[in-house]
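J.: Let me begin by handing over the structure; questions about it come next.
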Amino acid sequence: MVPVKRPATLVTLFRFMKWMIATDPLRALLSMGLNAVRGVFPTVHVFITARIFSEIIHVYDGTAGTSPLMEWIAIWAALTLLQQAINPIEAIFTEQLRQEMEDRLLRQLQGKAGRLRLEAFERADFHDLLKRARKMAEPGQFHNLIMDFYNTTTGFIRIVSIAALIGVWNVWLLLAIIVVALPDSVASFVQAKSAFFLKRKQTEPERIMNYLSRTVTSKEAAKEVRTFGSAPVLIRWWDRLYWQVADTLYRQERSQQSVRAGLSALGAVGLGAGVAWTAWTVLRGELSAAQFGATLFALQTLKDNVGRVTGRFGYFRDKLLCMEDLFIYLDLGPEEPAGGEELARIGDIRVENVSYRYPTSEKDSLTGISFTLREGERIALIGSNGSGKTTLVKVLLGLYQPVAGSVYYGGRDLSRLDLKQLRMRSAAVFQDFIRYAFTLRDNVGFGKADQAGDMQAVQQASALGGADEVAAGLPSGFETPLTRRFTGGTDLSGGQWQRVAISRAFMRDAPLVVLDEPTAALDPKAETDVFERFAAMAGSRTAILVSHRLGMARLCDRVMVLQDGKLAELGTHEELLAAGGEYARMWGLQSQWYK
Ligand SMILES: Nc1ncnc2c1ncn2[C@@H]1O[C@H](COP(=O)(O)OP(=O)(O)OP(=O)(O)O)[C@@H](O)[C@H]1O
């Protein structure tokens, strides 16, 4: 899914510039234009300096008056003033542009994650790409990218214009400089690319290292890590990976620096030879003393700029390749379709011969499942661990696309429906629901984002889901942050969190409700409460309840039993007990504990 072939760096550079201009055309063009002007300033300075030298010599040997000299000095002063004036203006435009671009980029990055099909998140190469793409979102990265872009392009303009000036004075000298400077520049270009790809290969080990480090330091893992004494082992693994990555990068740095040192020395020797040769042309009377002085000045400026630009270009190229990852990420598909057929009501849910296989799996997790869930019906989904209950629920909600078969809502194919409308008409509590590090009010309110701040709606949902009792025990009630990471915050027990998650689902008056193991962490009283609320749901609501507690299944209109990804049984509690199949066996097993 993540493309193996990457675009050429030049393509990315043009895309980056196009993207920059699209963000804010006026500021982008002004900022680029002012930077280009800054690029030619040193060459104009060298040229004027040469003219000043020349006029001084004319005044000295009496072949001209002082007026031309004074004119060139005035031009030099005006140019210096202009340069000083442009710098702050350019800096202001560039900073505004940077902020707009950063904001746009982060919005695109996050928006994309929300649009991609969920299957993308199942793949390791996707997570590698995402980690690299998110690098651009780290503080300072984007600022550095723009600075490196301008430093490289301005430096490049500087080099080309000074080289052109030297070429006008002495074309052989220019050719000699190109021959000497080229290997170093090409080496830097090639090395930056190979350094990037080597670093890129370290993405997965780095993700493992981050995971290990988080496990050792996170609050969630602390108790288990201590109880089992696993910290030393995890730290040892982390350390081994750290040195594996560090050693690879060190060896590459060492070999690249040796090559560069050799090429730089060659460049210095070449420059020395160029100077000696220029001096020789002066002695032969082919070049004036003023031009010699100016050529030396131009040579030094050129050398400084080549060194600076090759260094900067290395950084810029590195960032540009990160930007390339970001563009690859933004181009990724498939996305969930926007729009589609309208879904005015949920209707009967018909599942026809549905199979599903996870992208990285060798085997189907669901095979040939067919059934119809009538509108307003409550169905219990039962089955042993790994039998496919959660997968089926995700396929029904359009989160995963079946590899075969179809799901119909009120006779309409789910694959053609407007998923936004389905989401508006459904509510789900998953086993691994999100525990937002925000207030209790937000944690419940996020069940209906546009009403998250509506306290009355939050209180109503909390009364239904049981979060009202949680609020009563908190220091600032609904305004208490549910995390110890922030001041005044607190944490909840597993059962209390579950009430919060259930209340969140109650925020929407959804005609389709999915509860995936909603009571696993609840105490018997709370569990009974949820059962009763579930049972009392309006008859028009379709409900799917995934549970290992068969007592709960009794409250449902029908029970569906999954076995190894296949539909094994479907019927009422009584029918399935009478059939004496898997459900009857499980019921017998569970009820014996209560005898
Ligand atoms: N992300 C995944 N990638 C590959 N295989 C998966 C993934 N998630 C689940 N599976 C596999 O799909 C099958 C069904 O898993 P699923 O989570 O739907 O079972 P379940 O009935 O909900 O289990 P449980 O009762 O333990 O929650 C299992 O064999 C599981 O290993």
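J.: Just subtract the alpha-carbon distance of N385 and D557 from 0.36 nm times their residue separation and send over the number in nm, one decimal.
T.: Full-extension gain reported as 59.6 nm.
J.: Continuing with this model, one more query. Consider a paramagnetic label point 7 Å from the Cα of S415 along Cα→Cβ; state which residues of the stretch 348-362 have an amide N under 19 Å from it.
T.: The answer is 349-360.
J.: Full extension from T217 to F197: what is 0.36 nm times the residue separation minus their Cα-Cα distance, to one decimal in nm?
T.: Answer, rounded to one decimal: 4.2 nm.
J.: When a/c is below 1.5 the answer is rounded, else prolate if a/b is larger than b/c, else oblate, so apply that to the chain with a ≥ b ≥ c taken from the square roots of the Cα gyration tensor eigenvalues. Please list the in-between numbers first.
T.: Values: a/c = 3.06, a/b = 2.74, b/c = 1.12.
Because a/c hits 1.5 or more and a/b exceeds b/c, the chain counts as prolate.
J.: Ok, one more. As an exercise, use a Förster radius of 45 Å and the Cβ-Cβ distance of R104 and A279 to find the FRET efficiency, rounded to the nearest 0.05.
T.: Details: r = 54 Å, r/R0 = 1.20.
Given R0 = 45 Å and the Cβ-Cβ separation, E is 0.25.
J.: Using label points projected 7 Å from each Cα along Cα→Cβ, tell me how many nm separate L10 and I235, to one decimal.
T.: 5.3 nm
J.: Which listed residue (S230, I166, A273) has the Cα farthest towards the positive end of the charge dipole for the stretch 9-331, taking +1 on Lys and Arg C-beta and -1 on Asp and Glu C-beta about the Cα centre?
T.: Of S230, I166, A273, it is S230.
J.: Given 0.36 nm per residue, what is the gain on full extension from H58 to S493 after removing their alpha carbon distance, in nm?
T.: Working it through step by step, the gained length comes to 147.6 nm.
J.: Right, something else. For every other residue with a beta carbon closer than 10 angstrom to the beta carbon of D516, add +1 if it is Lys or Arg and -1 if Asp or Glu, then tell me the sum.
T.: That works out to 0.
J.: Could I ask something else about it? Mind checking the dipole of the stretch 9-331: about its Cα centre, +1 per Lys or Arg Cβ, -1 per Asp or Glu Cβ, Debye to the nearest 20?
T.: The calculated dipole for the stretch 9-331 is roughly 1100 debye.
J.: Going toward the positive end of the dipole of the chain, with +1 on Lys and Arg Cβ and -1 on Asp and Glu Cβ, which of G333, F506, L129 do you reach last?
T.: L129
J.: Next question, about the same structure. Distance from the Cα centre of the stretch 220-275 to that of the stretch 405-455, in angstrom?
T.: Computed from Cα coordinates, the inter-centre distance equals 45 Å.
J.: Could you rank M147, M136 by how accessible they are, 1.4 Å probe, largest area first?
T.: M147, M136
J.: Just to verify a number: FRET efficiency for E352 and L26, C-beta to C-beta distance, R0 = 51 Å, to 0.05?
T.: Numbers: r = 55 Å, r/R0 = 1.09.
Using R0 = 51 Å, I get an efficiency of 0.40.
J.: Something else now. How much accessible surface area, in Å² rounded to 10, belongs to the heavy atoms of I178 with a 1.4 Å probe?
T.: Near enough 80 Å² of accessible area.
J.: DSSP beta bridges in the chain, what fraction antiparallel, as a percent rounded to 5?
T.: Bridges in the chain are about 50 percent antiparallel.
J.: Per the 1.4 Å probe, what fraction of the accessible area of the chain, in percent, lies on carbon and sulfur atoms?
T.: Of the solvent-accessible surface of the chain, carbon and sulfur hold 59 percent.
J.: If packing is taken as the average number of other Cβ atoms within 10 Å across a peptide's residues, how do 107-114, 125-132 rank, most packed first?
T.: In decreasing order of mean packing, 107-114, 125-132 become 125-132, 107-114.
J.: Another question, then. When ranked by the protection proxy of mean other Cβ atoms within 10 Å per residue, highest first, what sequence do the peptides 455-466, 355-366 form?
T.: By packing density, highest mean first, the sequence is 455-466, 355-366.
J.: Could I ask something else about it? Within the stretch 349-382, find all residues whose amide N lies under 18 Å from a label point positioned 7 Å from the Cα of A568 along Cα-to-beta-carbon.
T.: 364-371, 380-382
J.: What is the dipole size for the chain, taken about its Cα centre, with +1 at each Lys and Arg Cβ and -1 at each Asp and Glu Cβ, in debye to the nearest 20?
T.: Here the chain has a charge dipole of around 920 debye.
J.: I've got another one for you. Can you tell me the order of 239-252, 421-434 when each peptide is scored by its average per-residue count of other Cβ atoms within 10 angstrom, highest first? Show your work: numbers first, answer last.
T.: Values: 239-252: 13.0, 421-434: 17.1.
Highest mean packing first, the order is 421-434, 239-252.
J.: Ignoring ligands, DNA and RNA, what accessible area per residue does the stretch 437-509 give at 1.4 Å, in Å²? Can you show the working numbers first?
T.: Working: 3330 Å² over 73 residues.
Normalised by residue count, the accessible surface of the stretch 437-509 is 46 Å².
The values are calculated or read from the model by the stated rules, or taken from the named source; none is laboratory data. Quantities reported herein were computed from a predicted structural model and do not represent experimental measurements. Glycine also receives a Cβ, built like all others from the backbone with ideal geometry; neighbour counts cover every protein chain displayed. The protein model used for the area step is the full one, side chains on, heavy atoms only, and it has no ligands, DNA or RNA in it. Shrake-Rupley method; radii C 1.70, N 1.55, O 1.52, S 1.80 Å.
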